[in-house]
Every structure is written in C-alpha cells, then in structure tokens.
1. What is the stretch 4-181's relative contact order, in percent, from Cα pairs under 8 angstrom and six or more apart in sequence?
2. Suppose the chain between residue 112 and residue 159 were pulled fully straight at 0.36 nm per residue; how much longer would it get relative to their current alpha carbon spacing?
3. If only Cα atoms are counted, what is the Rg of the chain, and what is its Dmax, in Å?
4. Quick check: the distance between the Cα centres of the stretch 57-92 and the stretch 104-182, to the nearest angstrom?
5. What list do you get for 181, 153 if you sort them by fewest beta carbons within 10 Å?
6. Within the stretch 135-161, name every residue whose backbone N is under 20 Å away from a label modeled 7 Å from Cα of residue 98 along the Cβ vector.
7. Assuming R0 = 25 Å, what is the FRET efficiency of residue 166 and residue 70, from their Cβ-Cβ distance, to the nearest 0.05?
8. For the pair residue 23 and residue 45, how long in nm is the line joining their label points, each one 7 Å along Cα→Cβ?
Ligand SMILES: [Fe+2]
C-alpha cells in the first residue's frame, strides 16, 4: 500500500491526466508537489523495490523510480509524453537520437530535487542518478505504458530490442564503462 501522501498525489495526477488540458495540468500538479519534497521522498524511500508501478489506466501510468549513480539503464523510448518529477537526489537523463548509423548521444540532463522535466513522445533516454545518493522520483506517462509496443536500443548498434523489464535490467551498464561520461 502506498503511503497516504502518495495516495493524495496519485489522485491529483489521475484527475489531471483525464482532464482536457492533461499536459499542462500534470506539469502543474508535479511542479506543486516538488516544492515540498520531503514527505513524498520519504514515501518513495519506503517502497520495497527501486521501480514500482503505482497506477495505470488509459490516461496515465505512474511509477516510483529510484536510481543509483553507478548504474545506467539502457536507452529506451516511451512512445508517449513522460513527466519526471524529482523529490530527493538527482536523476540523470542520457539523451539519444536514433539515426541510420545508430544511436547518437545528444547530451546529458540532470533533474535535481525540486525540478520537473517533460520528455516528448519521441525521446530516447538512458537513465541513472547524479551524485552520491539514490535519486527519488515519480514518473508520469501520459498513457498506458504497459499497453504499447516499445523498444530498448542496443548500446553498440542502436538496434531495437523488445522492451521488457527483464531486458531493461539485463542491458544495464556501469557508468564507469561508458564514453558518455568520459
Ligand atoms: Fe524512461
């Protein structure tokens, strides 16, 4: 069972996601929520697993996400708008573009506690944390994430790999081995 503070946030997210202005309303809800981040960060810290699906319907999918700074999860797409709200630590988005020659690294974005980043539906990112502590975030996707066919991308060739949580975990890399950080 999520903590009451997460239940409250979830009901605000669900209401925003089914509204006419879902994009702007979700950004507003999340920006408000990161202003006083401690209670939500503590609730995320209390969840057993690092990545947990909290809610999903046709309008939105909501995940709690903790990442560590030495591990980078493989590039993937969402095929829908994604809002990333960070409550403790900092999440690191490693951004790519898919080109005929393969994946091209286009830059890294740090999303610190108190910030919200929105990624467009065609974004491809690998994900990690910045700094010494775990990042604590809520990710809101504007649709049924488990219901769409989407891809991971092979680190070396950029070839599409079927998205599954097993593949997601199997393809992770150590940050120290990656040229994106050298
Ligand atoms: Fe992602």
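Values quoted throughout were computed directly from the atomic coordinates according to the rules given, and no laboratory measurement underlies them. Quantities reported herein were computed from a predicted structural model and do not represent experimental measurements. Here the Cβ positions follow ideal geometry from the backbone for every residue, glycine too, while neighbour counts run over all protein chains shown.
1. On the way: 406 pairs, mean separation 47.7, N = 178.
Value for the stretch 4-181: 27 percent.
2. Numbers: separation 47, 0.36 × 47 = 16.92 nm, distance 3.07 nm.
Answer, rounded to one decimal: 13.8 nm.
3. So, for the chain, Rg and Dmax equal 15.6, 48 Å respectively.
4. 7
5. 181, 153
6. 141-161
7. The pair residue 166/residue 70 has a calculated efficiency of 0.75.
8. Here the answer is 3.6 nm between the modelled labels.
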